[in-house]
Amino acid sequence: RQLLAVRAEENDQPSPQHATSGSGELERDDSSDVATPTVTPTGGTSAEVSEIAPSSDGRRGLAPIEEIFGDEDQETMSNPRSVSRNSVASSGDKNQLAPQCSASRFDNEGGADTFDLQALFEAQYVKSTVQAHGTMEIRKSRVNDAMALVSTESVFFTSKAAVAAIGKLRWQVLLAILATLYLYRGIEQSILSPYGKSGEVKEFSKYRLTALELRGGGSVDDVSGPQVAEFGVMLEDCRQTTEPLEITTAGASQTISFSAPVRMNGWYLVTSDNDPDMDPVRFTLEGQNEGDPADEWEEVGASRMRVVSTGQVKLLNNGKTHLTKERGAVEEWSLEVPWSWVIAFPVVQMVTVAATYLFILCGITSQSRYANRVLLYGFLFTASLQLTSGVGYSLAGDLSAEGLYWCLFSLSGFAMASVLALAERYFILCLTICGVYLILLDICKNTVMFPDIQGLSTSPPFTGLFFVLVGFIANVFHHHILRKSSRLINEDKRRYDAVWQALIASERNTTALKNLTKTIDRVCAIRPAQLRQFNHRRVLDPLIQSDTAKKTPFLNRALSWVSASRQDELKRAVTVNIDSPVQCLDQLFVQSAGMDLILRNKVQEWASKSNGCFRIKDDVAGSKPLFFKWKDIKNDPHLRYNVKYGRLKGIDRAIEKLLRSYDGDVSLLLDVCRQSIVFDEIKDMTRCIHIIAEDADVAVARIKNRYDLEADSEATAGYRQVVLNLRIRTELAKSLALETHVCEVQLLLRQFAEIKDDEHHGRYIKFRNARGE
């Protein structure tokens, strides 16, 4: 901003058409309708810096000189045209001196120990507009600070949904309770319950295999024996070699008897040489000891089985086995706990609980930058474990259906991880959808994959129910706070709606509004879906390689301060493609500070040609807002000095908006530099849009018309205006690498502008915080 002021003068000579003052105010150009910014560097105090430069604590207004240039530079500002080389060499960051302006400005005037400070400022400023730097990026990473005022009910619906939610005590407590219950359930199922029971060794002296259904569909009543060449029992995957004492056949059953009980935790059978259609695809294996009642047999095996959450293998004799058609082939079944179950249940449960507690800890300690990673990697790791378990089950032959289930189950974890990485704002929606998906998957498992409808009651889909419960609670809370927040601005909305209804009641105004809409449609026929701030294409090499640079002692020293790697970095930064979006908040604010005065000059010009008005500062206007046309303001020094221009967006609010709505994408922040013009008549506003569209120095990027008769004003609590996003390409903007910067101009009718005051805005801020916007 100091650069823009100094550039208004050349060689300490004020421009003849400008009135100058030591206050740094906008001075009127008597030969034009536009006031030109000019400052006379008369050795004034540090307060004579830009009136809207952002200060170090995020406040706006007059910024002390040390907040902009550093403490060491304050003394040199008393003589801004000449300064000792040594004083500059001892102040500031030497790596920050990357000249970007005309090299001729560094030619010595008046000795080897002086140089043009204006050129230094220009070099420093332009370099800052085209590369990432600064400390705002650190503040931007503190999600908890940006979400501090957001209501607990709305955090799940911001662009940093999961990270913002874990910073709220209510969600921390709820998640901790659910994680503890999940941990207890895991311990109960995997440790306290006898999960080794599935591998428990049983022993019987008699074993009976009974065929229940044949592959070809024939009746088992018409066959003799179970239609297998051989069957037997196994212990720890090894066949028992004890010779049977007797083998008997009765109907579709075959019984083998031993002289003493034989231990087993598995069984096998060998397919017969008969037609494959005679193979048993559904059967049961039972055991009995000597002395047991003749009709009491204990089921120890079946054609199908599944591994439940406790680690037990549940026998399902109503399910068909996938018996091979190969003749003389051996098929084996084991009751031992598969390693796939260990991964799918105990390991996954422990990882889930550990990730949840670590996620809660990140919220408690305000380490928001790690919270997203913890949750993302937690979902990714558990999904990978479930997929591994599914592959293991699939390789276990008759447990392939269990493998398919776990492979499908893992998709929900991968989906949640993808949402956290790419679109966290949809976290709660994805969580709810995944919960419904898991519930349906469990229903399918117990009805289609395994004909075991009782499985839903003995092992309900806890994960799916948990996801749906969290999503349901979040949505209920959110709808509650939306209704509550609407009551905050009901009165203001009623006043705005009353003004709007009175406005459109007139046929003349309705016709004017339709003409306004048609004009906007012609000016901005192509409306981009998403407008962004883009980096600037600029080349540093001509300056570095110029003869002036080689001959100028100071410039040589400045370039020597920049290391070779730093020079390469600067070159890459300033020659990027125009499609590269701005991602540094510091860079964006530097651009906005430079664009602000350029935009002020433009809105003065447009207002002068379209009967536009500006608001006068409250300490002059009093309690009621006062608006004067620029034609009256420009001829009155008192009014000109007290115009209430739009200020740069506050740093805190910018960070809030980035993290609440834009997922931290700086390039989507288009209203850091903004101004407004007020009109008495709709036709004047329409004319102003014509003037802006025909301005050769302006490119209209986007227009939002909230005066459209079909526009919905619910989101803005009834407030209406026309919002133009512009790129200004004056010679000054180009010389400062600002022609790609998008700024905002609001056009509004006086009836709406008069209602808006600080009290109303305070209520709107509460409304906005409640909604998480």
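The values are calculated or read from the model by the stated rules, or taken from the named source; none is laboratory data. As the structure is a computational prediction, the values presented were derived from the model and not from experiment. Using ideal geometry, Cβ is built from the backbone for each residue, glycine included, and neighbour counts are taken over all protein chains shown. Just so you know, the surface numbers come from the protein's heavy atoms only, side chains and all, with ligands and any DNA or RNA stripped out. Shrake-Rupley method; radii C 1.70, N 1.55, O 1.52, S 1.80 Å.
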Residue count, the stretch 302-335 (criterion: surrounded by 17 or more Cβ atoms within 10 Å (Cβ to Cβ) and either of a type in the set (Ser, Thr, Tyr) or under 46 Å from the mean Cα position of the chain (by Cα) (or both)): 13
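Is it the case that the stretch 710-724 has a residue that's of a type in the set (Lys, Arg) and open to solvent by less than 20 Å² (accessible area, probe 1.4 Å)?
Within the stretch 710-724, the first condition is being of a type in the set (Lys, Arg), and the residues that meet it are 720.
Subset that is open to solvent by less than 20 Å² (accessible area, probe 1.4 Å): 720.
Taking every residue of the stretch 710-724 in turn, at least one turns out to be of a type in the set (Lys, Arg) and open to solvent by less than 20 Å² (accessible area, probe 1.4 Å).
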When residues of the stretch 438-468 are limited to those that are closer than 30 Å to Ser661 by Cβ and in contact with a Leu (Cβ under 8 Å, 6 or more places away or on another chain), the one modelled with the highest pLDDT: Phe467
Selection within the stretch 676-696 - open to solvent by 60 Å² or more (accessible area, probe 1.4 Å), hydrophobic (A, V, I, L, M, F, W, C) and either assigned to a helix (DSSP H, G or I) or touching a Pro at 6+ places or on another chain (Cβ under 6 Å) (or both): none
Of residues in the stretch 242-263 being in contact with a Gly (Cβ under 8 Å, 6 or more places away or on another chain) and assigned to a strand (DSSP E or B), the one most open to solvent (accessible area, probe 1.4 Å): Thr249
Qualifying residue in the stretch 448-458 (condition: small (Gly, Ala, Ser), surrounded by fewer than 18 Cβ atoms within 10 Å (Cβ to Cβ) and more than 24 Å from Leu387 (Cα to Cα)): yes
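Quick check on the stretch 293-300. Is at least one of its residues among the aromatic types (Phe, Trp, Tyr) and either surrounded by fewer than 21 Cβ atoms within 10 Å (Cβ to Cβ) or at pLDDT 90 or above (or both)? Working first, answer last.
Keep residues of the stretch 293-300 that are among the aromatic types (Phe, Trp, Tyr), which gives 297.
Among the residues that remain, those that are also either surrounded by fewer than 21 Cβ atoms within 10 Å (Cβ to Cβ) or at pLDDT 90 or above (or both) are: 297.
For the stretch 293-300, residues among the aromatic types (Phe, Trp, Tyr) and either surrounded by fewer than 21 Cβ atoms within 10 Å (Cβ to Cβ) or at pLDDT 90 or above (or both): present.
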Test result for Gly232, open to solvent by less than 50 Å² (accessible area, probe 1.4 Å), at pLDDT below 85 and of a type outside the set (Val, Ile, Thr): no
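Could you tell me whether any residue of the stretch 406-426 is in contact with a Cys (Cβ under 8 Å, 6 or more places away or on another chain), open to solvent by 50 Å² or more (accessible area, probe 1.4 Å) and more than 23 Å from Trp171 (Cα to Cα)? Reasoning before the result, please.
Taking the stretch 406-426 and keeping what is in contact with a Cys (Cβ under 8 Å, 6 or more places away or on another chain), we get 412, 415-416, 419.
Now narrow it down to the ones that are open to solvent by 50 Å² or more (accessible area, probe 1.4 Å): none.
Looking for residues that are in contact with a Cys (Cβ under 8 Å, 6 or more places away or on another chain), open to solvent by 50 Å² or more (accessible area, probe 1.4 Å) and more than 23 Å from Trp171 (Cα to Cα), one finds none in the stretch 406-426, hence no.
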Which numbered condition Val700 misses (of (1) open to solvent by 10 Å² or more (accessible area, probe 1.4 Å); (2) without any contact (Cβ under 8 Å) to a residue 40 or more places away in the chain): (2)
Single unsatisfied condition, Tyr393 versus (1) open to solvent by 60 Å² or more (accessible area, probe 1.4 Å); (2) touching an Asp or Glu at 6+ places or on another chain (Cβ under 6 Å); (3) part of a helix (DSSP H, G or I): (1)
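Suppose we filter Arg208, Arg239 for residues that are in contact (Cβ under 8 Å) with a residue 12 or more places away in the chain and surrounded by fewer than 17 Cβ atoms within 10 Å (Cβ to Cβ); which single one remains?
Details: Arg208 fails: surrounded by fewer than 17 Cβ atoms within 10 Å (Cβ to Cβ).
Selected residue: Arg239, the only one of Arg208, Arg239 that is in contact (Cβ under 8 Å) with a residue 12 or more places away in the chain and surrounded by fewer than 17 Cβ atoms within 10 Å (Cβ to Cβ).
Take the residues in the stretch 605-657 that are part of a loop (DSSP other than H, G, I, E, B) and among the hydroxyl-bearing types (Ser, Thr, Tyr); name whichever of them is modelled with the lowest pLDDT. Walk me through how you get there before you give the answer.
Within the stretch 605-657, the subset part of a loop (DSSP other than H, G, I, E, B) is 611-612, 617, 622-626, 634-636, 642, 644-650.
Pick out the ones that are also among the hydroxyl-bearing types (Ser, Thr, Tyr) and you get 623, 645.
Numbers: Ser623: 57, Tyr645: 89.
Within the stretch 605-657, the match that is modelled with the lowest pLDDT is Ser623.
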From the options Leu709, Leu726, residue that is in a strand (DSSP E or B) and either over 35 Å from the mean Cα position of the chain (by Cα) or of a type outside the set (Asp, Glu) (or both): Leu726
Some residue of the stretch 473-480 being in contact with a Gly (Cβ under 6 Å, 6 or more places away or on another chain) and at negative phi: no
Enumeration of residues in the stretch 161-186 that are in a helix (DSSP H, G or I), open to solvent by 30 Å² or more (accessible area, probe 1.4 Å) and not aliphatic (A, V, I, L, M): Arg170, Thr180, Tyr182, Tyr184, Arg185
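Only one residue in Leu431, Leu375 is crowded, with 18+ Cβ neighbours inside 10 Å, in a helix (DSSP H, G or I) and in contact with a Ser or Thr (Cβ under 9 Å, 6 or more places away or on another chain), so which one is that?
Leu375
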Leading residue by the ranking (nearest to Lys617 (Cα to Cα)) among those in the stretch 734-752 that are of a type outside the set (S, T, N, Q), more than 32 Å from the chain's Cα centre (by Cα) and surrounded by fewer than 20 Cβ atoms within 10 Å (Cβ to Cβ): Arg750
Tally of residues being within 14 Å of Ile689 (Cα to Cα) and assigned to a loop (DSSP other than H, G, I, E, B) across the stretch 476-524: 1
